[in-house]
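Before any comments, here is the structure.
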Amino acid sequence: MKKILEVIEQKIRPALNAHGGDIEFVEMTPDGVVKVRLSGACAACPGAQQTMSELVEASLKDACPEVQRVIPLYGVSDDLVAQALKILRKS
């Protein structure tokens, strides 16, 4: 798992940050499935699926042979909910 986090930090995150996005590692299952969450501009980008396959999955599989596939998790993060509630409560 250490190598996965290194690849995310050193290769994937900088590329996503350059476009206003980010990535969160969620977990790796025993059968080699890595679950991640895209955020920022990448979360709603029409090219997110291409980013997942050509950048995220390709980079992780190349560096970590135990990775069988990468799947994105969708949904609202707790941080986003907290920010929305803060804004709504000011009204």
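Observations, loosely collected:
- Single residue of E27, E66, E54 found to be within 24 Å of M1 (Cβ to Cβ), at pLDDT 90 or above, surrounded by 12 or more Cβ atoms within 10 Å (Cβ to Cβ) and of a type in the set (D, E): E66
- Residue count for segment 30-47, restricted to those that are surrounded by fewer than 16 Cβ atoms within 10 Å (Cβ to Cβ), part of a loop (DSSP other than H, G, I, E, B) and of a type in the set (G, A, S): 4.
- Residue match in segment 49-67 (condition: touching a residue at least 24 places away in the same chain (Cβ under 8 Å), of a type in the set (S, T, N, Q) and touching an Asp or Glu at 6+ places or on another chain (Cβ under 8 Å)): no
- Sub-6 Å Cβ pairs linking a first residue in segment 10-31 that is more than 17 Å from Q68 (Cα to Cα) to a second residue that is assigned to a strand (DSSP E or B) and polar (S, T, N, Q), at least 6 apart or interchain, are D22/S39, ordered by first then second residue.
The values are calculated or read from the model by the stated rules, or taken from the named source; none is laboratory data. Given the structure is predicted, the values throughout are model-derived calculations rather than measurements. Ideal geometry is used to build each Cβ from the backbone, glycine not excepted, and the neighbour counts take in all protein chains shown.
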